[in-house]
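The values are calculated or read from the model by the stated rules, or taken from the named source; none is laboratory data. Keep in mind the model is a prediction, meaning the values are calculated, not measured. Don't worry about glycine lacking a Cβ; one is built from the backbone with ideal geometry, like all the others, and counts go over all protein chains shown. Accessible surface areas use protein heavy atoms only, side chains included; no ligands, DNA or RNA. Shrake-Rupley method; radii C 1.70, N 1.55, O 1.52, S 1.80 Å.
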Amino acid sequence: MKVVILKDAAEVAKYGADIFIKQINRKPDSVLGLATGSTPVALYKELITAYQRGHVSFKQASSFNLDEYLGLPGTHPQSYRYFMNQQLFDHIDIDKAKTAVPPGDAEDPFSACELYEKNIKQNGGIDIQLLGIGRNGHIGFNEPSSSLKSRTRVKTLTRATIDDNARFFGPDEYQPHLSITMGIGTILESKKVVLLATGENKAEAIKATVEGPLTAACPASALQLHEQVVLVIDEAAASQLADVDFYKHIEVENQKLLERLGRN
């Protein structure tokens with residue numbers, strides 16, 4: 001697990017976006033795993049700017065999103081499909097027909113979950129998966145106690161997640177308590193994972209993810225099992241790690257090595 005500690009949220013977004021840009025430029029038909037929430041928004045802005053400047057094209061790329069609220073159609077302003085259109089897809093040259101978000105309004109959500117898994121596999125799997133992390137260590141909507149081998153499924157949200165997301169809903173607006181989410185097992189099959197975290201409120205979850213035991217109590221700790229994981233975090237999110245200087249030293253040495261090899 002590579003841990004990159006940067007000064008602030010702006011640097012985190014730029015670093016994360018550069019990883020995705022390099023991936024797409026290296027493999028234009030990359031299958032992207034995308035996430036919603038407040039943390040990825042800044043990264044998406046960086047991708048939009050890069051596209052507008054001609055530094056990257058998404059024409060051949062396709063995508064699968066992590067999750068969606070169960071009960072909301074894609075046209076609903078609080079749906080994650082609506083979010084992705086507003087925050088990214090409407091502003092780049094990706095073919096929307098090749099962007100998949102779990103169908104929150106599916107008549108049979110359980111069959112929809114099975115089909116989502118099938119479609120990911122038929123597309124060759126996810127090349128690079130973007131993740132945020134919840135205060136309780138959840139990734140996607142895989143809340144604590146989720147099986148580390150779980151697949152795309154219907155999941156009940158915890159009170160903590162419902163409370164965290166309540167700010168996006170009006171006082172009289174329906175807020176779902178169920179979701180469709182990729183499972184932890186699904187996420188771990190991605191070829192590469194990039195997790196972003198900023199702010200002191202994520203520090204405890206980051207410590208548990210990086211330095212804690214592998215446990216369903218912190219779903220993100222399952223990333224310890226993956227060979228290609230990059231955690232891009234700011235200093236506030238890193239504040240509870242045992243040896244921040246060690247992670248910074250390793251990153252500096254890695255950059256020096258890449259420069260010598262001409263791969264930076």
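Some notes on this structure:
- Residue count, region 226-247 (criterion: over 17 Å from the mean Cα position of the chain (by Cα) and either in contact (Cβ under 8 Å) with a residue 24 or more places away in the chain or crowded, with 24+ Cβ neighbours inside 10 Å (or both)): 9
- Checking each residue in region 16-39 for being open to solvent by less than 50 Å² (accessible area, probe 1.4 Å), in a helix (DSSP H, G or I) and out of contact with any Leu (no Cβ under 6 Å at 6 or more places or on another chain) picks out Ile19, Phe20, Ile21, Gln23, Ile24.
Let's see how each residue does on (1) at pLDDT 95 or above; (2) in a helix (DSSP H, G or I):
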site	(1), (2)
Gly170	no, no
Tyr174	no, no
Val194	yes, no
Lys202	yes, yes
Ala208	yes, yes
Thr215	yes, no
Ala220	yes, yes
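- Among residues that are closer than 21 Å to Ala166 by Cβ and in contact with a His (Cβ under 7 Å, 6 or more places away or on another chain), Tyr82 is included.
- Single match in Asn165, Asn65, Asn136 (criterion: open to solvent by less than 10 Å² (accessible area, probe 1.4 Å) and within 20 Å of Leu196 (Cβ to Cβ)): Asn65
- Selection from region 68-96 of residues that are buried (at least 20 other Cβ atoms within 10 Å of the Cβ), in contact (Cβ under 8 Å) with a residue 60 or more places away in the chain and in contact with a strand residue (DSSP E or B) (Cβ under 8 Å, 6 or more places away or on another chain): Glu68, Tyr69, Leu70
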